[in-house]
Structures are given as structure tokens and as C-alpha cells.
Amino acid sequence: MMQQADNVERYRRKAVQPEEAQQTILNHIRALDAENVTLYEAWGRSLAEPLIAPHPFPPFRRSGMDGYAVRTADLAEAAPGRPAELVVLEHLPGGTEPKRSLGPGQASRIMTGGMVPEGADAVVMLEMTETDERDGLSFVRIGKAVPPGANISEIGSEIREGERLLPAGRQVEAGESAVLAACGCARVAVARRPRVAILSTGSELLEVDEPLAPAKIRNSNAPMLAALIREFGAEPTLLGKVPDDPEAAGKLVRQALADCDLLLTSGGVSVGDYDVMVDILAQPDVKLLFNKIAMRPGSPTSAALLGDKLILALSGNPGACFVGFHLFVVPALRRMLGVQRPTHPQFTARLGEDFPKVNAYRRYIRAFTSVSGDGQVWATPTGDDKSSLMTTIVGADCLIEIPPIKEGLRRGHPVKVWKIGQ
Ligand SMILES: Nc1nc2c(c(=O)[nH]1)N[C@H]1C(S)=C(S)[C@@H](COP(=O)(O)OP(=O)(O)OC[C@H]3O[C@@H](n4cnc5c(N)ncnc54)[C@H](O)[C@@H]3O)O[C@H]1N2
Ligand code: MOO
Ligand SMILES: [Mg+2]
């Protein structure tokens, strides 16, 4: 039987600031290796390499309108009552390479996306033209001068060859997919998905499909963490639940570490008699990184290394577990995926309701954002911010950061907000 760490020792913990905890975690994370997937499989994945434009785009001078490719010099004198008349050389639908270059007095009919012929320096919209057929020839009449370059996209006007288009670590969404496709990236090198194991500790836990029993609750942290892990581009491995028995839990932790890049546990990190993670993280071959953070919720959130594998031990309270994931697991996952700025983006918003509490610690409150008619961004708590609550996780797209304060805050007060939605 494993010795439980002395409870007196459990109370004596040195709290680190959240930023220090994040940095400590990041110091022990490195980017994962890459794998090749098809462009259509790349959605949501992180690029393992930057995308450098292999050629200019558009790769040819391209018409932006259905109309006529012309030489603007031929239209210099054109006016509504005195149109210029040009001979039409050929028709240029999209995908057709011109055979003829334009000389003086000549035009070619061209469609949107068509390749502009040599000699042409503008395209005139169809609506500004009249056509005529005489002596087996086609003519177009244009009653207006146009400036050089009109309705032509020059080679490389959108993308220059060699331009750095996407950084490594960028998540592939719709725009990235389009750019990758335009550059001919049928296969894309993406970071391997981090494999994240989830272990729930707690003798009170039931499986989701088990009926309620006295003193028991269903394990809600595991599905929540699995959803978050997927949301942030990683692959969850479900290890199930383990009772508050340090021996059994310790065995599972050690087994799990062999097959994952990161182990998340929930529960058992505080000072209770049966808080098993405290015992596991106190084992001689485990290097404890921290076991207290100066924040609420989630103050007992802990981190440790076993070999070179990181264990992030989140609080069992669902609200604290959720906040702990966003503050400490998300940066770890992003670093593994090669993302350059691993923490969530932050902005300032107005507090959507009074916060009457005196606050001895920095607090992260689950909240949602909205924009009022005058363009102000508001962040409003989703409800009670108690760490034991899970219903106030629903609908949270941000965390309001409240610093230690001696008096409450009024509605409308500017607050720092972390955007947690993707
Ligand atoms: N004497 C003290 N007691 C507590 C302290 C303290 O400083 N002194 N800290 C409190 C704070 S703050 C938190 S947060 C919790 C942390 O608790 P643990 O991380 O040790 O988690 P447990 O004790 O295992 O469980 C807490 C709570 O969460 C429920 N839980 C656990 N796992 C799950 C799960 N997978 N799904 C749903 N709910 C879960 C569990 O039933 C408990 O109700 O400690 C305070 N106590
Ligand atoms: O740290 Mo606990 O999550 O405040 O309740
Ligand atoms: Mg506990």
C-alpha cells in the first residue's frame, strides 16, 4: 500500500502565478512531428511547415469581367456619339490560351477569368459595347475611353512568388484551404494530433449509462475534457475512472503515460484524505512542477513530470476543470501543434453585470460576449461562477479575469477577457 502524503504537508503549498504555471508547462513541451494528409483531411489541423508561394497568383494576366480585351490607346478619342470600332480577333473563354496578340484597332472577346492576350492593356465590360458583323468579320464598338489596367488582374497581383503565405502552426480553415489549393498542395504536412489521455479519479463516479445511486454522480469531466481536447485539435484516449485508491490510480497513470503525449487527470488534487493525485505526484520518481496556483477556480491544479511525460492534474470540480483546461492545457496542446501564440487571445470588454464580491485571488469567470447597439463588447457571466457548477460552462465563450479587489465591480467596468471559443 502506497503511503498517503502527510496531510500537514498537503496544506503547505507554494502558490505560483497563473503565468508562471503556464510558462513552466510550456518549458516541458515540444512540437510534435509531422504527418502528410490530403488537403481535404487538413481542415482543423495545424500546418507543420510555412507555406511559401511556389508561383505568382494569378499566374497569368486575368480578366475580371466578361467583355473585350482592348488596347486603351485605340479608345483615347472614343465618346458616346463617336465610338471606336475594333476588329474582334478571337473568343477567349476561361481556360483558353490566346493565339493572337492585339495590334492597333484590334480586340478579343474575353470572359471573366480568361487569359488576357498580349498587346491588350484593359478589358471593357460587355455592357459598354455593341457588336456588328460585316464582310465575314466581327466588330465591337466602344463609346468610352478606359484607363490602362482596367479589369485586368496582373500576374502576382494577389500573391507574389516566394511570398510567405501561411506560418507553421496555422490552423487550416476555409481561407487556408483555398490558398493551399491554389498553390497546388494536394498533400499537406500537418502536426500529428497530440494524444491526450484522460483519467478521472473519484470513488463517487458512475459511468454515464449507470443509474444514480446514493452518494454517487456521473463522470461529467471526462466527456467535457474529451470534447475540449477535440476542439483544440488533439485526440483523446479515455482511460475511464479510478476510485480514490492511490495504488490503483498510480498503476493506471504509469500505464497510460506510455501511450500518450500528455496525461490529464481530474480530481484528487486538493488536501482531502482521499485526494489520490497528491499521493501519486509525491512519488520519488515524479517531478512535481507545481501544486497550487494563485487563482480561483482551480487553485489546487497541479503539474508533474514522470520521465519526460507531462501530467496535468486538474481539479475535480467541473467549473475549475474547465477553466484549468483553457488556461493550462490549451497552451500545452498549441505548443505541441507548433502554434506560435499558445495562450488564448485577450481583449477588453465591459462587465455585463455587477460583480459584488471582494476578491482575494485572481478569478476567471465563465462568461459570454455580446455586442451592444453602440458597438461596445460586453462580457457577462453565464451564471454563478462557483467551481463546483457545470451548468455555467454551457454557453461560455470567454473567461473574465477579475484581479484581486477590495471592493466589487459595477456593471460596465472595463475587464480583461480571454476568448476561449475557437
Ligand atoms: N479543506 C479544503 N478543502 C478543499 C480545498 C481546500 O483548499 N481546502 N480546496 C477546494 C477547492 S478550491 C477545490 S477546486 C476542490 C478540488 O478538489 P479536487 O480536485 O481534489 O477534486 P475532488 O475532491 O476529487 O472532487 C471535487 C468535486 O468535484 C467532483 N468531481 C470529481 N471528479 C468529477 C468528475 N469526473 N465528474 C464530475 N464531478 C467530479 C467531486 O464529486 C467533488 O464534488 O477541493 C476543495 N476542497
Ligand atoms: O480552486 Mo477551487 O476551484 O476555487 O473551487
Ligand atoms: Mg479533493
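Only Lys, Arg, Asp and Glu carry charge here, each on its Cβ (+1 for the first two, -1 for the last two); on that basis region 31-182 has a dipole of about 300 debye about its Cα centre. Put a plus charge on the Cβ of each Lys and Arg, a minus charge on the Cβ of each Asp and Glu, and nothing anywhere else: the dipole of the chain about its Cα centre is then about 1260 debye. The simple spin-label model puts a point 7 Å past each Cα toward its Cβ; for Arg187 and Arg12 those points are separated by 5.8 nm.
Of the cross-linked pairs Lys357/Lys386; Lys14/Lys251; Lys386/Lys416; Lys386/Lys419, which ones have a Cα-Cα span greater than 23 Å in the structure shown? Those over the limit are Lys14/Lys251. Relative protection proxy for 402-412, 331-341, from highest mean packing down: 331-341, 402-412 (other beta-carbon atoms within 10 angstrom). Qualifying trypsin sites (Lys or Arg not before Pro) in region 1-107, where qualification requires a DSSP coil assignment and no more than 13 other C-beta atoms within 10 Å, comprise Arg12, Lys14, Arg30, Lys99, Arg100.
Among residues other than Arg187 whose Cβ falls under 11 Å from its Cβ, what is the net charge (Lys/Arg +1, Asp/Glu -1)?
Residues near Arg187 contribute -2 overall.
Using the Cβ-Cβ distance between Asn27 and Phe347 with R0 set to 30 Å, the FRET efficiency works out to roughly 0.65. Sparsely packed loop sites in region 287-332 (the chymotrypsin sites (Phe, Trp or Tyr not before Pro) outside DSSP H, G, I, E and B with at most 14 other Cβ atoms within 10 Å) do not occur.
Mind running the shape call on region 62-153? Use the C-alpha gyration tensor, a ≥ b ≥ c as the square roots of the eigenvalues: rounded below 1.5 for a/c, prolate if a/b tops b/c, oblate otherwise. Since a/c reaches 1.5 but b/c is at least a/b, the shape of region 62-153 is classed as oblate. Per-residue ellipticity at 222 nm, computed for the chain from helices alone with -39500 (n - 2.57) per DSSP H run of at least four residues, works out to -4500 deg cm²/dmol.
Between region 81-143 and region 327-358, how many Å separate their Cα centres? Result: 57 Å between the Cα centres. Summarising the strand pairing of the chain, around 70 percent of its internal DSSP beta bridges are antiparallel. Of the residues Ala181, Val8, Ala120, the one whose Cα sits farthest toward the positive end of the charge dipole of the chain, with +1 on the Cβ of Lys and Arg and -1 on the Cβ of Asp and Glu, is Val8. Annotation: peptides 313-321, 78-86, ranked by per-residue average of other Cβ atoms within 10 Å with the highest first, follow the order 313-321, 78-86.
Taking GluC sites (Glu not before Pro) across region 14-82, the ones in a DSSP loop with at most 14 further Cβ atoms lying within 10 angstrom of their Cβ are Glu77. Packing around the peptides 125-135, 139-149, taken as the average count of other Cβ atoms within 10 Å per residue, puts them in this order, highest first: 139-149, 125-135. Look at where the Cα atoms of region 1-72 and of region 390-422 average out, and the two centres are 26 Å apart.
Quick note: the coordinates plus some simple rules give every number you see, no bench work behind them. Model, not experiment: these values are computed from the prediction. Here Cβ is always computed from backbone atoms with ideal geometry, including for glycine, and neighbour counts include all displayed protein chains.
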